[in-house]
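Trainee: Sharing a structure with you now.
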Amino acid sequence: MQMFRQMVDVHTSKRLEMVDITRLVEEAVESSNLKEGLVNIYSRHSTSAVVINENESGLKEDFLVALDKLVPTGAGYLHDRIDHNADSHIRGFLVGGSQTVPFQEGRLMLGTWQSIFFVELDGPRHRTLTVTVTGQ
Amino acid sequence: MQMFRQMVDVHTSKRLEMVDITRLVEEAVESSNLKEGLVNIYSRHSTSAVVINENESGLKEDFLVALDKLVPTGAGYLHDRIDHNADSHIRGFLVGGSQTVPFQEGRLMLGTWQSIFFVELDGPRHRTLTVTVTGQ
Amino acid sequence: MQMFRQMVDVHTSKRLEMVDITRLVEEAVESSNLKEGLVNIYSRHSTSAVVINENESGLKEDFLVALDKLVPTGAGYLHDRIDHNADSHIRGFLVGGSQTVPFQEGRLMLGTWQSIFFVELDGPRHRTLTVTVTGQ
């Protein structure tokens, strides 16, 4: 088994945003020249998440609305006294900031209705993902 | 380090269901002939999850009821105009569709009160999991 | 690629507690003598979680309060008839019990505002984490 690493930049334009990064992850797997293995996508940011789900415009909005209902903005959080983004941190804490995806013949083994998303929870910002490809 | 991959089929019988897949994952590790490493269990489906917790019948019901309260069915989701399962997607988005588990001497290093579950969120369906074993 | 494994003990002192384990994970990476790879932190316990976020005292309290609101204690759970900790299990189920973190030049590639936490959800207890370092 071998390892290959690539940093991937994502620029977001809203406070809450679902950015489809499937193609960026595929490119990292292609650059590795590895054929079969696992790719780990890791966000270096505490106010973001990485998820896998269907890329349908209504559903992307539904996810963000659901997070807003589960963790309301400005609900008396202690962290808001220091930095007004406790909601962003708590949402990131719940959803999680990395994913590991299998690949075969140099292609991601996603299901038909699966895309990989970077979830911006405190944008707009410039973000960096660490993509690590391991395999043979 | 070496790598071994096996596809695992799971057939569910209800809309919401917790299926214990510990034995199926153990069999994949045994088939790999690897003694020490990590096994990744990945669901190719956006309306499902993979979790690790205690296999107690009341608790399995509690998990599904908790998800239903956190993300109610039919709560005005945009995705329900296209396909009537936005709740299933949002629940999958929150819980997550893969797990990575250590193994040693060819056996899963689960705790005493841990089993691996496939969580069906939009069944009944035929599902496929990608199980990737890496180690030595 | 090579693999190295270390068990890490964590002793908690409250029912709900966020314990910063970043230094313990760094020490496992240093002990491995591997320079570049991924480290997996896995909790063998169903009433705990492992997360990555900012180590700010107010925010740590905010996380625990948010979990308590999302999954209230003693809300008629079936599992409470057997063992009075259904809330702990359901919170662990939602947040998840492992993380995978990249490292380079023998150091964790965490972001500026990221620490690794063991989240105690049913303490005080003695807990064990399985830390698996893979890389080159």
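The values are calculated or read from the model by the stated rules, or taken from the named source; none is laboratory data. Just so it is clear, the model here is predicted, and its values are computed rather than measured. FYI the Cβ positions are ideal-geometry reconstructions off the backbone, even for glycines, and counts take in every protein chain you see. Calculation scope for accessible area: heavy atoms of the full protein, side chains included, ligands and nucleic acids excluded. Shrake-Rupley method; radii C 1.70, N 1.55, O 1.52, S 1.80 Å.
Trainee: Work out the length of the dipole vector of chain A about its Cα centre, built from +1 on the beta-carbon of each Lys and Arg and -1 on the beta-carbon of each Asp and Glu, and round it to the nearest 20 debye. Mind showing how you got there, number by number?
Mentor: Working: 13 positive and 18 negative charges, 68 e Å.
Roughly 320 debye, rounded to the nearest 20.
Trainee: Along Cα-to-Cβ, 7 Å out, sits the label point; list in nm, shortest first, how far the one on B:K35 is from those in the other copies.
Mentor: Counterpart label points of B:K35 in the remaining copies fall at 2.8, 2.8 nm.
Trainee: For chain C, what relative contact order do you get, as a whole percent, if you take Cα pairs closer than 8 Å and at least 6 residues apart?
Mentor: Reported relative contact order: 55 percent.
Trainee: Give me the distance between the Cα centres of the range B:74-108 and the range C:55-88, rounded to whole Å.
Mentor: That distance is 21 Å.
Trainee: Rounded to the nearest 500, what is the 222 nm mean residue ellipticity of the protein assembly as shown from helices alone, with -39500 (n - 2.57) per DSSP H run of 4+ residues and division by all residues? Don't skip to the end; give the middle numbers.
Mentor: Working: 9 runs with 105 residues, N = 408.
-8000 deg cm²/dmol, from helical runs alone.
Trainee: Assuming R0 = 51 Å, what is the FRET efficiency of A:E27 and C:R15, from their Cβ-Cβ distance, to the nearest 0.05?
Mentor: On the way: r = 46 Å, r/R0 = 0.90.
That pair, A:E27 with C:R15, gives E of 0.65.
Trainee: Considering only chain C, pick the residue with its Cβ nearest the axis of the rotation onto chain B, and state the distance in whole Å.
Mentor: Whole-Å result, nearest residue of chain C to the axis: C:M1, 3.
Trainee: In addition: Leaving ligands and nucleic acids out of the surface, order A:S32, A:S57 by accessible area at 1.4 Å, largest first. Don't skip to the end; give the middle numbers.
Mentor: Details: A:S32 15, A:S57 90 Å².
Result of the area sort, largest leading: A:S57, A:S32.
Trainee: Right, next: Toward the positive end of the charge dipole of the range A:10-71, about the Cα centre and with charges on Cβ (Lys, Arg +1; Asp, Glu -1), which of A:V10, A:N55, A:V25 goes farthest?
Mentor: Going by the charge dipole, the pick is A:V10.
Trainee: Also: Classify the protein assembly as shown: rounded, prolate or oblate, from the alpha-carbon gyration tensor (a ≥ b ≥ c, eigenvalue square roots; a/c under 1.5 rounded; otherwise prolate if a/b is larger than b/c)? Could you put the intermediate results ahead of the total?
Mentor: Working: a/c = 1.15, a/b = 1.15, b/c = 1.00.
Note, shape of the protein assembly as shown comes out rounded.
Trainee: Just how large is the dipole of the range B:1-58 about the Cα centre, in debye to the nearest 20, putting +1 at every Lys and Arg Cβ and -1 at every Asp and Glu Cβ? Provide the component values of the computation, followed by the final result.
Mentor: Working: 6 positive and 9 negative charges, 62 e Å.
The calculated dipole for the range B:1-58 is roughly 300 debye.
Trainee: So how compact is chain A: Cα radius of gyration and Dmax in angstrom?
Mentor: 15.8, 50
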